[in-house]
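Derivation of every value follows stated rules applied to the coordinates shown; laboratory data play no part. Not measured: the values here are computed from a predicted model.
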Amino acid sequence: MLRNKSRETIAVANGIGGDTAFGAVTPPLYLTTTYTFDGFERARTYDYTRAGNPTRDVLAQTIARLEGGAGAVVVSSGMAAIDLALASLQPGDLIVAPHDCYAGTWRLLNARQAKRQFDVVFIDQNNEAALGAALARSPKLLLIETPSNPLMRVVDIRKTAERARAAGARVIVDNTFLSPALQQPIGLGADLVIHSTTKFLNGHSDVIGGVVVAAAHKDFEDLTAWATTTGVTGAPFDAYLTLRGIRTLFARIERQQATARAIAEFLLRHPAVSAVHYPGLADHPSHAIAKSQQSGFGAMLSFEVASGVAGVRRFVEAVEVFTLAESLGGIESLVAHPATMTHASMSVEARAEAGISDSLIRLSVGLENEADLLSDLGGALAAAGGIA
């Protein structure tokens, strides 16, 4: 069971050598949809893959152990994970969400609210007055996304979770940007942790998936039952690929965040850049909080092009190593323009309130040679030009 082993070892070795049928070292891939009964009224451990699958369970167990949770439910996408985490809410219940959250989350929360399934308020969770006012409304859930997408704002999980608990609210933390390799929200007071496993956990941009990790066993049981009822559970082959990705999670992130730090420092000195958002920089407003609750600063960052939208267009058309695409966390380096890509579904007013400007560019740093990435950025910034 790998008792008392490090998270690095769990990521690599959980489930290895456990096959009792043929002694396979790597956990087998079970693609079956259904399973035989041992006889009349004698069901086996598994009966139907929507409800349970050995391959998916090894992935769930691995992620739960990495996050320090009682159990995890693997689902079909990151958005399905968020939706599953909201399943306990009733009409009239209130959820407090970050004003600068991922646009897909913003869209889902507003759509559910429009159907009167619950109420939602979006606030700057680092604004003490706004947080206090929201908690005074007795919310049922508080959703934290830290670091935020795409502005890399950091929320003090422990402090915020304590305040939420005092107000009677449960806490959900989206840990997609860092993964359990760099942050473990349950240890800081979270009730549930969600991931788009599409991103750093899988790490190869070839699988869509999500997971909800529960701190308490009762929550795990409830989430499992609802996921089975609604049919949002993930596919076995997707689970197999995601588990294979997790085997290299720590090695990938170590290299990626080292390069991200070098890129952030390069951008900070560049005259064509007006602002850099990366918590690993000493002058980042949340550097101290990030350092206290994270074991690293991650491979995501964003920056503002001084020459405005025209400069952004020239920049994205000039990059060669970076690829213009949505998503993040893969081995390849990606560049995105949030206002027209990842956050295009947010209203103009919501983007302005969150501080997501049209000159903002988001980078997901991969495993390419650091010098090649810096050279690529330098060339693209030269093409972007100076202040408009």
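Taking a straight line from the alpha carbon of residue 5, these aspartates and glutamates sit under 14 Å away, with near neighbours fewer than eight places off in the same chain left out: 67. Axis of helix 103-114 versus longest Cα principal axis of the chain: the two differ by about 60°, to the nearest ten degrees. Couplings 3J(HN,Hα) for the range 167-179, derived from phi with the Karplus relation 6.51 cos²θ - 1.76 cosθ + 1.60 (θ = phi - 60°), are 8, x, 9, 8, 10, 10, 10, 7, 9, 4, 5, 10, 6 Hz, where x marks Gly and Pro. Against the chain, whose longest principal axis is taken from its Cα atoms, helix 157-166 shows a tilt of about 60°. The spacing between the range 191-252 and the range 57-116, judged by their C-alpha centroids, is 12 Å. Within a straight-line Cα-Cα reach of under 20 Å, residue 140 can be paired with the following lysines, leaving aside sequence neighbours fewer than 8 residues apart in one chain: 115, 159, 218. Helical runs assigned H by DSSP (4 residues or longer) give the chain a calculated mean residue ellipticity at 222 nm of -11500 deg cm²/dmol, each run adding -39500 (n - 2.57) before division by the residue total.
The phi torsions of the range 337-351, fed into the Karplus equation with coefficients 6.51, -1.76 and 1.60 and a -60° offset, translate into couplings of 10, x, 4, 10, 10, 4, 10, 5, 7, 6, 5, 4, 5, 5, 5 Hz, rounded to whole numbers, with Gly and Pro shown as x.
Pull up the DSSP beta bridges for the chain and report the antiparallel fraction as a percent, rounded to 5.
On the way: 25 of 42 bridges.
Percentage antiparallel, nearest 5: 60.
Angle, helix 308-318 long axis vs. longest principal axis of the chain, Cα atoms, 0 to 90°, nearest 10? Relative to the chain, helix 308-318 is tipped by roughly 70 degrees. Couplings 3J(HN,Hα) of the range 289-297, computed from phi: 5, 4, 5, 6, 10, 10, 9, x, 9 Hz, in residue order, whole Hz [Karplus 6.51 cos²θ - 1.76 cosθ + 1.60, θ = phi - 60°; x for Gly and Pro].
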